[in-house]
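Worksheet for the structure shown next.
The values are calculated or read from the model by the stated rules, or taken from the named source; none is laboratory data. Please read these numbers as outputs of a predicted model, since none were measured by experiment. In this analysis, Cβ positions are derived from the backbone assuming ideal geometry, glycine residues included, and neighbour counts consider all displayed protein chains.
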Amino acid sequence: MTRSDIKIKDDILMAALDDAAFDGWSWKMVESAAEKAGYERDMAAAVFPGQLKDVLKHFSDWADRDMIERLKGIDPSSMRVRDRIRLAVQTRFYALKDHKEAVRYSTGYWMRPFRKYDAGRMVWKTADVIWNWAGDTATDYNRYTKRALLSGIVTSTTLAWINDETDDQSKTLRFLDNRIDNVMQLGKIIGRVKGMAPNKQSAAS
(Lines give C-alpha, C1' and ligand atoms only; values in the text may rest on other atoms or scores of the structure.)
Protein backbone atom coordinates (compact mmCIF):
# COMPACT_ATOMS: atom_id res chain seq x y z
CA MET A 1 0.00 0.00 0.00
CA THR A 2 1.43 3.36 -1.03
CA ARG A 3 1.51 6.47 1.12
CA SER A 4 -1.02 8.11 -1.21
CA ASP A 5 -3.40 5.16 -0.81
CA ILE A 6 -3.20 5.48 2.97
CA LYS A 7 -3.87 9.20 2.75
CA ILE A 8 -6.95 8.68 0.58
CA LYS A 9 -8.24 6.05 2.99
CA ASP A 10 -7.58 8.31 5.96
CA ASP A 11 -9.34 11.21 4.25
CA ILE A 12 -12.45 9.15 3.55
CA LEU A 13 -12.41 7.63 7.03
CA MET A 14 -12.18 11.02 8.72
CA ALA A 15 -15.05 12.33 6.60
CA ALA A 16 -17.13 9.28 7.54
CA LEU A 17 -16.57 9.26 11.29
CA ASP A 18 -18.97 12.04 12.23
CA ASP A 19 -21.85 10.46 10.31
CA ALA A 20 -20.98 7.01 11.68
CA ALA A 21 -21.32 8.33 15.22
CA PHE A 22 -24.96 9.22 14.59
CA ASP A 23 -26.18 6.80 11.93
CA GLY A 24 -23.86 3.83 12.22
CA TRP A 25 -21.73 2.42 9.43
CA SER A 26 -23.05 1.81 5.93
CA TRP A 27 -21.41 1.58 2.54
CA LYS A 28 -23.65 4.33 1.15
CA MET A 29 -22.40 6.63 3.91
CA VAL A 30 -18.77 5.80 3.07
CA GLU A 31 -19.37 6.64 -0.59
CA SER A 32 -20.82 9.98 0.48
CA ALA A 33 -17.79 10.50 2.72
CA ALA A 34 -15.53 10.07 -0.31
CA GLU A 35 -17.31 13.00 -1.94
CA LYS A 36 -17.08 15.05 1.26
CA ALA A 37 -13.33 14.39 1.27
CA GLY A 38 -13.03 15.80 -2.24
CA TYR A 39 -12.87 12.58 -4.28
CA GLU A 40 -15.17 10.98 -6.80
CA ARG A 41 -17.80 8.76 -5.23
CA ASP A 42 -16.33 5.60 -6.77
CA MET A 43 -12.98 6.28 -5.08
CA ALA A 44 -14.42 4.53 -2.03
CA ALA A 45 -14.67 1.23 -3.88
CA ALA A 46 -11.23 1.75 -5.44
CA VAL A 47 -9.42 1.97 -2.09
CA PHE A 48 -11.83 -0.22 -0.09
CA PRO A 49 -12.61 -3.14 -2.44
CA GLY A 50 -13.96 -5.15 0.50
CA GLN A 51 -16.33 -2.27 1.16
CA LEU A 52 -17.41 -1.79 4.77
CA LYS A 53 -15.20 -4.56 6.13
CA ASP A 54 -12.13 -2.87 4.66
CA VAL A 55 -13.23 0.52 5.99
CA LEU A 56 -13.53 -0.78 9.55
CA LYS A 57 -10.22 -2.61 9.31
CA HIS A 58 -8.66 0.68 8.25
CA PHE A 59 -10.35 2.40 11.19
CA SER A 60 -8.51 0.02 13.52
CA ASP A 61 -5.27 0.51 11.59
CA TRP A 62 -5.66 4.29 11.88
CA ALA A 63 -6.10 3.97 15.65
CA ASP A 64 -2.95 1.82 15.86
CA ARG A 65 -0.94 4.40 13.91
CA ASP A 66 -2.29 7.28 15.95
CA MET A 67 -1.45 5.41 19.14
CA ILE A 68 2.16 4.88 18.05
CA GLU A 69 2.46 8.53 17.00
CA ARG A 70 1.29 9.64 20.46
CA LEU A 71 3.79 7.29 22.09
CA LYS A 72 6.76 8.82 20.26
CA GLY A 73 9.28 10.29 22.65
CA ILE A 74 8.46 7.75 25.37
CA ASP A 75 11.17 5.22 26.12
CA PRO A 76 9.39 1.95 26.96
CA SER A 77 12.61 0.37 28.25
CA SER A 78 12.44 2.65 31.29
CA MET A 79 9.09 1.15 32.33
CA ARG A 80 7.88 -2.16 33.70
CA VAL A 81 6.38 -4.38 31.00
CA ARG A 82 2.90 -4.18 32.51
CA ASP A 83 3.15 -0.38 32.55
CA ARG A 84 4.18 -0.33 28.90
CA ILE A 85 1.11 -2.36 27.96
CA ARG A 86 -1.17 -0.25 30.14
CA LEU A 87 0.12 2.99 28.65
CA ALA A 88 -0.21 1.78 25.07
CA VAL A 89 -3.78 0.52 25.50
CA GLN A 90 -4.74 3.69 27.37
CA THR A 91 -3.18 5.81 24.62
CA ARG A 92 -5.16 3.97 21.95
CA PHE A 93 -8.39 4.75 23.76
CA TYR A 94 -7.33 8.37 24.05
CA ALA A 95 -6.78 8.43 20.28
CA LEU A 96 -10.33 7.16 19.84
CA LYS A 97 -12.01 9.32 22.49
CA ASP A 98 -13.74 11.59 19.98
CA HIS A 99 -15.03 8.61 18.03
CA LYS A 100 -16.51 6.41 20.74
CA GLU A 101 -19.91 6.06 19.09
CA ALA A 102 -18.28 5.11 15.80
CA VAL A 103 -16.31 2.46 17.70
CA ARG A 104 -19.55 1.26 19.32
CA TYR A 105 -21.16 0.75 15.92
CA SER A 106 -18.06 -0.91 14.48
CA THR A 107 -17.93 -3.28 17.45
CA GLY A 108 -21.50 -4.30 16.71
CA TYR A 109 -20.47 -5.02 13.13
CA TRP A 110 -17.57 -7.27 14.17
CA MET A 111 -19.58 -9.19 16.77
CA ARG A 112 -21.56 -11.03 14.10
CA PRO A 113 -20.51 -14.73 14.18
CA PHE A 114 -19.39 -14.91 10.53
CA ARG A 115 -17.08 -11.92 11.06
CA LYS A 116 -15.27 -13.22 14.15
CA TYR A 117 -12.28 -14.54 12.23
CA ASP A 118 -11.56 -11.18 10.61
CA ALA A 119 -12.23 -9.42 13.91
CA GLY A 120 -9.75 -11.70 15.67
CA ARG A 121 -7.04 -11.01 13.10
CA MET A 122 -7.66 -7.28 13.39
CA VAL A 123 -7.32 -7.28 17.20
CA TRP A 124 -4.26 -9.54 16.92
CA LYS A 125 -2.63 -6.91 14.70
CA THR A 126 -3.26 -4.26 17.36
CA ALA A 127 -1.75 -6.53 20.02
CA ASP A 128 1.27 -7.10 17.77
CA VAL A 129 1.76 -3.35 17.27
CA ILE A 130 1.63 -2.79 21.03
CA TRP A 131 4.04 -5.60 21.87
CA ASN A 132 6.48 -4.46 19.18
CA TRP A 133 6.44 -0.95 20.63
CA ALA A 134 6.90 -2.42 24.10
CA GLY A 135 10.13 -4.06 22.91
CA ASP A 136 9.05 -7.68 22.66
CA THR A 137 11.41 -9.67 20.44
CA ALA A 138 10.21 -13.19 21.19
CA THR A 139 10.09 -15.51 18.18
CA ASP A 140 8.95 -18.74 19.83
CA TYR A 141 5.52 -19.73 21.16
CA ASN A 142 5.81 -16.94 23.76
CA ARG A 143 5.28 -14.42 20.95
CA TYR A 144 1.90 -15.91 20.09
CA THR A 145 0.89 -16.41 23.71
CA LYS A 146 1.60 -12.77 24.55
CA ARG A 147 -0.39 -11.51 21.60
CA ALA A 148 -3.29 -13.84 22.25
CA LEU A 149 -3.51 -12.73 25.88
CA LEU A 150 -3.24 -9.05 24.94
CA SER A 151 -5.91 -9.51 22.27
CA GLY A 152 -8.26 -10.64 25.03
CA ILE A 153 -7.34 -7.61 27.14
CA VAL A 154 -7.89 -5.20 24.25
CA THR A 155 -11.25 -6.75 23.32
CA SER A 156 -12.73 -6.85 26.82
CA THR A 157 -11.38 -3.43 27.80
CA THR A 158 -12.78 -1.89 24.62
CA LEU A 159 -16.26 -3.05 25.65
CA ALA A 160 -15.71 -1.53 29.10
CA TRP A 161 -14.45 1.72 27.54
CA ILE A 162 -17.47 2.03 25.26
CA ASN A 163 -19.72 2.03 28.33
CA ASP A 164 -17.48 4.23 30.49
CA GLU A 165 -19.07 7.66 30.96
CA THR A 166 -16.37 9.08 33.26
CA ASP A 167 -14.40 12.04 31.90
CA ASP A 168 -11.06 10.62 32.97
CA GLN A 169 -11.74 7.03 31.83
CA SER A 170 -11.27 5.93 35.45
CA LYS A 171 -13.62 2.95 35.12
CA THR A 172 -11.84 1.79 32.00
CA LEU A 173 -8.42 2.09 33.61
CA ARG A 174 -9.53 0.14 36.68
CA PHE A 175 -10.90 -2.57 34.42
CA LEU A 176 -7.68 -2.57 32.38
CA ASP A 177 -5.54 -2.84 35.52
CA ASN A 178 -7.62 -5.79 36.73
CA ARG A 179 -7.36 -7.56 33.39
CA ILE A 180 -3.59 -7.06 33.30
CA ASP A 181 -3.36 -8.38 36.89
CA ASN A 182 -5.35 -11.46 35.87
CA VAL A 183 -3.11 -12.13 32.90
CA MET A 184 0.04 -11.63 34.98
CA GLN A 185 -1.22 -14.16 37.51
CA LEU A 186 -2.09 -16.57 34.71
CA GLY A 187 1.43 -16.18 33.33
CA LYS A 188 2.92 -17.04 36.72
CA ILE A 189 0.72 -20.13 37.01
CA ILE A 190 1.68 -21.29 33.52
CA GLY A 191 5.33 -20.73 34.36
CA ARG A 192 5.06 -22.83 37.53
CA VAL A 193 3.30 -25.62 35.68
CA LYS A 194 6.00 -25.66 32.99
CA GLY A 195 8.65 -25.70 35.69
CA MET A 196 7.04 -28.78 37.25
CA ALA A 197 6.78 -30.64 33.94
CA PRO A 198 9.55 -33.23 33.37
CA ASN A 199 11.76 -32.57 30.39
CA LYS A 200 12.33 -35.27 27.76
CA GLN A 201 15.76 -36.19 29.09
CA SER A 202 14.61 -36.77 32.67
CA ALA A 203 11.53 -38.62 31.46
CA ALA A 204 13.69 -41.01 29.46
CA SER A 205 16.14 -41.69 32.29
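Observations on the structure shown:
- Of all the numbered requirements in (1) among the aliphatic types (A, V, I, L, M); (2) surrounded by fewer than 17 Cβ atoms within 10 Å (Cβ to Cβ); (3) under 30 Å from Phe175 (Cβ atoms); (4) modelled with pLDDT of 95 or more, Val81 misses one, and that requirement is (4).
- Asp11 surrounded by fewer than 18 Cβ atoms within 10 Å (Cβ to Cβ) and either more than 27 Å from Arg112 (Cβ to Cβ) or modelled with pLDDT under 95 (or both): no
- Filter result for the condition that a residue is under 30 Å from Arg84 (Cβ atoms), acidic (Asp, Glu), surrounded by fewer than 19 Cβ atoms within 10 Å (Cβ to Cβ) and modelled with pLDDT of 95 or more, over Glu35, Glu40, Glu69: Glu69
- Residue pairs meeting the criteria (Cβ under 9 Å; at least 6 apart or on separate chains; first within 20 Å of Asp177 (Cβ to Cβ) and in contact (Cβ under 8 Å) with a residue 40 or more places away in the chain, in segment 59-80; second surrounded by 13 or more Cβ atoms within 10 Å (Cβ to Cβ) and of a type in the set (D, E, K, R)): Met67/Arg92; Pro76/Asp83; Pro76/Arg84
- Here Arg192 qualifies as farther than 30 Å from Met14 by Cα, surrounded by fewer than 20 Cβ atoms within 10 Å (Cβ to Cβ) and at pLDDT below 95.
- Unique residue being free of Cβ contacts under 8 Å to residues at least 12 places away in the same chain and of a type outside the set (Phe, Trp, Tyr) when the list is Met29, Met111: Met111
- The residues in segment 132-150 that are within 18 Å of Asn182 (Cβ to Cβ) and of a type outside the set (S, T, N, Q) can be counted, and the count is 5.
- Condition met for Met29 (outside the structural domain of Asp164 (by TED's automatic domain parsing), over 30 Å from Thr137 (Cα atoms), among the hydrophobic types (A, V, I, L, M, F, W, C) and within 21 Å of the chain's Cα centre (by Cα)): no
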